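Report on the following structure.
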């Protein structure tokens, strides 16, 4: 029987590409979403991938949502923590609400999503956790102190949990995308893209969501079983971590 994969934030942008790529690779996929029911329904109609609505910043909502996924598809073998939000602003103007919302979804969300599936993965002796961090969690970004802090925290989460999972054949890895041609990024004015963003990318273009999805499919595979606690940077050469 094919393995079950759950992708948070899995109906739009990078998450949608990941969900589609995992299905194409033979997984039974469930896609979580937080709010946009119209987009989620369109995604389901187009792909046939079942969608489940809950807020990853709530532990109870995650536990209940994951139980529904497992009741419908079976125990979760692969978890992709992709859900993320931005509440950008310069630090001196940042509100506690902007800080807490981003930390709650982008960092605490990893605990809330991973903790309910962890015991089952340990019991079965197999698991793949892939956390979608960001180039800005590696290098920082002005106007994104909250986002950069959360995404850097995702990397610490990855490295520590990888050490706990290794003996149970559970790998935990992170992917750090750079600027990817999602709906959100392509909404940036063309002048800004062409004059300020793309010139910083040595390959001279935005990445595509499918390129991130291929990284995830590899890390979820049996062939990647010796890779854990790693960070895979997919940013066109914009930032090279040592």
The helix 145-165 Cα axis meets the longest alpha-carbon principal axis of the chain at an angle in degrees, between 0 and 90 and rounded to 10, of 30 degrees
Using Kirkwood radius over Cα pairs in Å as the read-out, say which of (i) 18.0; (ii) 19.2; (iii) 18.5 was calculated from these coordinates.
(i)
For segment 1-77 and segment 173-215, what is the separation of their C-alpha centers, rounded to whole Å?
24 Å
So, with points 7 Å from each Cα along the Cβ direction, the residue 39-residue 186 label distance in nm works out to 1.3 nm
Net length gained if the chain between residue 240 and residue 227 were fully extended (0.36 nm per residue, minus Cα distance)
2.8 nm
Between helix 108-124 and the chain, what is the angle of the helix's C-alpha long axis to the longest principal axis, kept within 0 to 90° and rounded to the nearest 10?
30 degrees
Using per-residue counts of other Cβ atoms within 10 Å, averaged over each peptide, order 39-45, 202-208 from highest down.
39-45, 202-208
Extending each Cα 7 Å along its Cβ direction at residue 101 and residue 200, get the distance between those two points in nm, one decimal.
2.3 nm
Spin-label model distance (nm) - residue 210 vs residue 142, 7 Å beyond Cα toward Cβ:
3.6 nm
Highest to lowest packing among 116-122, 150-156, scored as the average C-beta count within 10 Å
150-156, 116-122
Report, in deg cm²/dmol and to the nearest 500, the calculated mean residue ellipticity at 222 nm for the chain, where each DSSP H run with n ≥ 4 adds -39500 (n - 2.57) and the sum is divided by the residue count.
-14000 deg cm²/dmol
Work out, step by step, the length gained on full extension between residue 90 and residue 53: first 0.36 nm times the residue separation, then minus their alpha carbon distance; give nm to one decimal.
10.2 nm
In degrees between 0 and 90, to the nearest 10, how far off the longest principal axis of the chain does helix 13-24 point, with axes built from Cα atoms?
30 degrees
Mark the label point 7 Å from the Cα of residue 24 along Cα→Cβ and return the residues of segment 177-193 whose backbone N is within less than 17 Å of it.
181-182
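So if we plug the beta-carbon distance of residue 68 and residue 46 into 1/(1 + (r/R0)^6) with R0 = 25 Å, what FRET efficiency do we get, rounded to 0.05? Please list the in-between numbers first.
Values: r = 22 Å, r/R0 = 0.87.
So, using R0 = 25 Å, E works out to roughly 0.70.
Rule-based calculations on the coordinates, nothing more; no lab input. Just so it is clear, the model here is predicted, and its values are computed rather than measured. When we count neighbours, we look across all protein chains shown, and the Cβ atoms used for this are built from the backbone with ideal geometry, even at glycine.
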